[in-house]
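A short worksheet on the structure shown next.
Nothing in this text is a laboratory measurement; each read-out follows from the coordinates by a stated rule. Quantities reported herein were computed from a predicted structural model and do not represent experimental measurements. Positions of Cβ are generated from backbone atoms using ideal geometry, with glycine treated the same way; all protein chains shown enter the neighbour counts.
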Amino acid sequence: MTGAPLPEPAASPTATEDGVPSTARPPQPRWRQTLGLLARNPTAAVAATVLLLIVLMAVFDESLAPSGPNEIAVEDRLQPPSLAHPFGTDDLGRDILSRVVLGAGVSLRVGFLAVAFALVVGGLIGLLAGFYGRWVDDVLMRFMDVLFAFPAVLLAIAVLAVRGPGAGNTALAIGIVYIPVFARVTRASVLGVREEVYVRASRSVGASDLRLLSRHVLPNAAPPIIVQTSISLAFAVLAEAALSFLGLGTQPPNPSWGLMLAEGRGFIDLAWWLAFFPGMAIFLTVLCFNLLGDGLRDVLDPRQRTLMAGSGR
Amino acid sequence: MGVSVIVFGLVQLVPGDPIRLALGTRFDQETYDALLARSGLDQPLVTQYFSWAGRALTGDLGVSFRSGETVTSLIAERLPATLTLAFASILVALLIAVPLGTLSALRPRSVVDRVATVLSQIGISVPEFWMAIVLILVFAGTLGWLPSGGYVPLTEDPAGWAQRLLMPAVVTGVVSGSVITRFVRSSVLEALGADHVRTAQAKGLPGRQVFTWHVLRNALLPLVTVTGVQLAYLLSGVVVVEIVFAWPGLGQLALQAVQSRDYPVLQGAILLFAVVFLLINLVVDLLYTAIDPRIRR
């Protein structure tokens, strides 16, 4: 999620605002500047690399996992970590490493889907509210306030109670929870851009609303939204794990990290590795999304550093 | 108002017939109809909403389908446990965040600062339930110092109460504390750079005095807001931790209600959480006006 899919005009009017000294060279596309700056931030670069590895692991899960995730071998049950089973085996003799590798796919898919949903719906709401203002703003944002008044986990639990458990519904539930967050961030960012000279100039020469929004407002309002996306991915993975842990998310025998933790909980004094490794996987993924979000914020949106710390949790 | 419509609407969408569920598999049509009429589930939805909302305003949230107790009494029974845990957690969070955040702001880029940054990043990213399990494994399993969970009222056994409160409070406190640490750090840093601080230093005031009266006072003002917001989030984060530590609070109640399709209890619990959330935000706003003269007109 390093900003590649952004609709970027080649020469953005704010290209020099990011603290990059402007030179005589033709301005680079902004996403390349961003990548360059990000690469110079060691923490963010490491986080991005680890995330890339986790995503690759999730994509090639079947061929990477040493054995099938649901391959039962009762004679091998509850084996401590060894060479044959680096993360040990569970109570049915299933290889934990394989299940962690396959769990990456489940956890990440739910996380990405949830954030994509929240980003599209919340972003659209925030865009409309911020751009048109007046009653559109009032109606949409009051509705967001109401949604925001619910504690996140509880709202997700309620949505799952309505829709029934499962991976798709979990993504929907987490997505709904994060709609107001994206709506607020987008609205605030659009408000800041709406009255810029280039937007007014474009409007004065008769550009349509659609053109204004897509060519001028959205690209320039994007940085805080990108940062929020990375941070939300962290929380979405965490929320998926929590919901699965409660038995409301991904259902057995699918290996979701949260579910594995819940299953391992019963064997905690017998076999610590059952709960330890899935937890470590969640922690590492969430940590990397957070670090990447921080790095992106430093590069894209330095003013927001203090404002958004920890929003959404 | 809007909150109540959503709570009601959401719960109405839950699939499954609660009366059928409450009665079990063997029942006759007559009992079924009688129960249906008594619970008001045969009325149109709008009528159901207004009668529910009207009664909710007077504190009557209905009767649990499952146990037959009133929802209000079920919630009242669970509320103290959840509030205890939430306040203990916020205490832990502040005890971590204020010293750590201030120290790292006073020496930016020092070892302390770096360690604090790493620790808070870890605290934000660690799954609460996993930390809970690891703590149980270490302190209840291997070391055997603390009970692995449960709850005893303070009045019956203060020591046992504290022992059982410690681990859940630390788990949720560490997470909130990490968020607050980052906030304290940036807010102290900002106050350090403010003009009035430079003036105070230029006047020749001793460093300690400048720090307590000019830096800390200003830096900790916004802390009220963050702490309030975190307290509200805590109430929600507490759900999972309550389950792991068998802490008989509202989160546990809500989850059980979902599992047994106990609409009135679920409605009541969610409504209460939302109301508490709004109340905390209101109190924070009021408190902020009270302590920050700049906001008062």
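Brief remarks on what is shown
- Alpha-carbon centroid distance for the pair segment B:133-193 / segment B:225-270, whole angstrom: 18 Å
- The phi torsions of segment A:239-254, fed into the Karplus equation with coefficients 6.51, -1.76 and 1.60 and a -60° offset, translate into couplings of 5, 4, 4, 5, 5, 5, 4, 7, x, 9, x, 4, 9, x, x, 4 Hz, rounded to whole numbers, with Gly and Pro shown as x.
- In a simple Cβ point-charge model (Lys, Arg +1; Asp, Glu -1; nothing else charged), segment B:71-291 has a dipole of about 860 debye relative to its Cα centre.
- Amide H partners (placed H, <5 Å) of A:ALA149, local residues excluded: none
- For segment A:124-154 versus segment B:80-108, the inter-centroid distance based on Cα atoms is 31 Å.
- Rounded if a/c under 1.5, otherwise prolate or oblate - segment B:71-291, Cα gyration tensor axes: prolate
- Net charge over other residues, Cβ less than 11 angstrom from the Cβ of A:SER256 (K, R count +1; D, E count -1): 0
- Kirkwood hydrodynamic radius (C-alpha pairs) into Stokes-Einstein, segment A:134-279, 4 °C and 1.567 mPa s, D in µm²/s: 72 µm²/s
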